[in-house]
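Participant: This is the structure, below, for whatever I ask next.
The values are calculated or read from the model by the stated rules, or taken from the named source; none is laboratory data. Fair warning: this is a prediction, and the values are worked out from it, not measured in the lab. All Cβ positions, glycine included, derive from the backbone under ideal geometry; neighbour counts span all protein chains shown.
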Amino acid sequence: MKTAAALRAHLERSGIPLAFDDHLTAAPASPLAQPIEVDAVRVGNRFCILPMEGWDGTREGTPSDLTIRRWRNFGISGAKLIWGGEAVAVRRDGRANPHQLMLSAQSAGAIEALREELVNAHRERFGSNADSDLYVGLQLTHSGRYARPDVYDRPSPIAACANPILDRRFPGHVRVFEDAELDALIDDFVVAARLARDAGFRFVDLKACHGYLGHELLGARTRAGAYGGSLEGRTRFMRRLVKAVQSEVGGLELVVRLSVFDTVPYRKRSPDQIGEPESADDGPLPGFGVVSRDEDLDQALDEARGVLRMLEQLGVRWICVTAGSPYYNPHVQRPALFPPLDGYEPPEDPLRGVWRQIQATAILKRDFPRMIFVGSAYSYLQEWLPHVAQYNVRQGLCDFVGLGRIALSYPDLPVDVLRGTPLRRGSLCRTFSDCTTGPRMGLVSGCYPLDPFYAERPEAIRIRDVRTHTRSASLSGER
């Protein structure tokens, strides 16, 4: 869609109430160029780099040259908020893959050097004092149900609770965390938070999204004991975790990336491979903020409101909004036209998925005006990303615009937008999902179609062949 009129006409025909600015404003007048100050923190503009997993660390949990390259790209992007940079496991059994970064006494020095690479790249491009309003943190996680610490295709799930649909996707028995094990895990998070602070990170993100442990605990309605059942029980782990880090690790800000709503798991529909909701015949499903219709979104956010009230009372003010999970409803979490290897054809116009996350963020920002909100799901907007981003920040619908996949294909996007430089259309993420298909095949993540560095790697041919075959099979109805 080459013009604002064409995009607006498509949105109107589709009944998608997504708003945007027709024209962009360059810095310093741009809403996206405005700094924000919260307590003692100053962040220089409204672009944020979201945390990702590169599948390219070492077996010991330290960064590789590929990890360093990605973080240097984050530094040169011009974004002033780096929300974790990477999902980093707090211990071995919490790694989502055998090459995920892991923070320990042995790896802390290398991860500190990774942060320094990002900061140095930022200084080299923008000036020696440019990092004075750069805010860099680290995302801490345990992958729970989606842990694969030893072999990429051998799950080692430790779930928050039983789930009739998701459990049958794992061969063998899915073990559930015991209460005492969750108590001990809090201690592991505290140790990792202290290491992150000592490595120079100014905040840590206590990850609660995308089906990983922190998120699944929030939806553990069917779990017995202290960490399940009522919302008070389901938030107990997060509440104890926040208090433990606050009391034992001084000088460190806490933030949370939160899946604020969810849906039931989806599966491929036969024969067209389009995603459809999956049902369970054996009892109620767990879930956090589960929504089935857009008309019910506001009501579904009541659980997120309960979590945000708790966090605000505990002094946590920075929230990154996301939704769903890449494992069981990727069209909700990561709107795209082309599915990854293990995905399904989108059941809706991906622009509706973009709008849904923007709307959820706007509702929560309205209800919690003192909290700082980072929005997600912008990459599918492609050329129109800065137009929607500028509108949302200008209207106060969010405080920051988060960049995920598009930061892999086009790390310079923030600085180009702020300088009024025409966008490089050949670098815009077209949501081919190769950055996800690669890891599903046990390969490193990168933008194989658009980043020349990854396009020249041997993995690019394997991923392209798989994508072509999968797409052809889907269009032909092949199972």
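Participant: Restricting attention to the range 47-104, and to residues there that are under 30 Å from Val415 (Cβ atoms) and among the hydroxyl-bearing types (Ser, Thr, Tyr), which single residue is surrounded by the fewest Cβ atoms within 10 Å (Cβ to Cβ)?
Facilitator: Ser64
Participant: Consider the range 299-317. How many of its residues are out of contact with any Asp or Glu (no Cβ under 7 Å at 6 or more places or on another chain) and surrounded by 14 or more Cβ atoms within 10 Å (Cβ to Cβ)?
Facilitator: 13
Participant: If you don't mind, another one. Looking at the range 171-201 only, could you name the residues that are of a type in the set (Gly, Ala, Ser) and not in a helix (DSSP H, G or I)?
Facilitator: Gly172, Ala199, Gly200
Participant: Are any residues in the range 402-421 more than 16 Å from the chain's Cα centre (by Cα) and assigned to a loop (DSSP other than H, G, I, E, B), and if so, which ones?
Facilitator: Tyr410, Pro411, Asp412, Gly420, Thr421
Participant: Can you find a residue that is in a helix (DSSP H, G or I) and farther than 27 Å from Pro155 by Cβ anywhere in the range 208-230?
Facilitator: Within the range 208-230, not a single residue is in a helix (DSSP H, G or I) and farther than 27 Å from Pro155 by Cβ.
Residue by residue, here is whether (1) in a helix (DSSP H, G or I); (2) surrounded by fewer than 17 Cβ atoms within 10 Å (Cβ to Cβ); (3) charged (D, E, K, R); (4) out of contact with any His (no Cβ under 9 Å at 6 or more places or on another chain) holds:
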{"residue": "Pro335", "(1), (2), (3), (4)": "no, no, no, yes"}
{"residue": "Gln357", "(1), (2), (3), (4)": "yes, no, no, yes"}
{"residue": "Val374", "(1), (2), (3), (4)": "no, no, no, yes"}
{"residue": "Leu381", "(1), (2), (3), (4)": "yes, no, no, no"}
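Participant: Against the condition closer than 17 Å to Cys209 by Cβ, in a loop (DSSP other than H, G, I, E, B) and either touching a residue at least 24 places away in the same chain (Cβ under 8 Å) or touching an Asp or Glu at 6+ places or on another chain (Cβ under 8 Å) (or both), how does Pro340 come out, does it pass?
Facilitator: Criteria not met by Pro340.
Participant: Next question. Determine the pairs where a residue that is surrounded by fewer than 23 Cβ atoms within 10 Å (Cβ to Cβ) and modelled with pLDDT of 95 or more, located within the range 124-148, has a partner that is outside any loop (DSSP other than H, G, I, E, B) and of a type in the set (D, E, K, R) with Cβ atoms under 6 Å apart, the partner being 6 or more residues away or on another chain.
Facilitator: Listed pairs, sorted by first residue: Ala130/Arg123; Asp131/Arg123; Asp133/Arg42.
Participant: In the set Leu403, Leu418, which member is under 22 Å from Asp22 (Cβ atoms), of a type in the set (A, V, I, L, M, F, W, C) and buried (at least 24 other Cβ atoms within 10 Å of the Cβ)?
Facilitator: Result: Leu403 is the single residue among Leu403, Leu418 that is under 22 Å from Asp22 (Cβ atoms), of a type in the set (A, V, I, L, M, F, W, C) and buried (at least 24 other Cβ atoms within 10 Å of the Cβ).
Participant: Before we move on, is Asp298 of a type in the set (Asp, Glu), over 26 Å from Tyr135 (Cα atoms) and not in a helix (DSSP H, G or I)?
Facilitator: No.
Participant: Which of the residues belonging to the range 422-448 are touching a residue at least 40 places away in the same chain (Cβ under 8 Å), assigned to a loop (DSSP other than H, G, I, E, B) and over 30 Å from Pro28 (Cα atoms)?
Facilitator: Thr431, Phe432, Ser433, Met441, Gly442, Leu443, Val444, Ser445, Gly446, Cys447
Participant: Sticking with this one: Go through (1) surrounded by 20 or more Cβ atoms within 10 Å (Cβ to Cβ); (2) without any contact (Cβ under 8 Å) to a residue 24 or more places away in the chain one by one and return the number of the condition Ala180 breaks.
Facilitator: The single condition Ala180 does not satisfy is (1).
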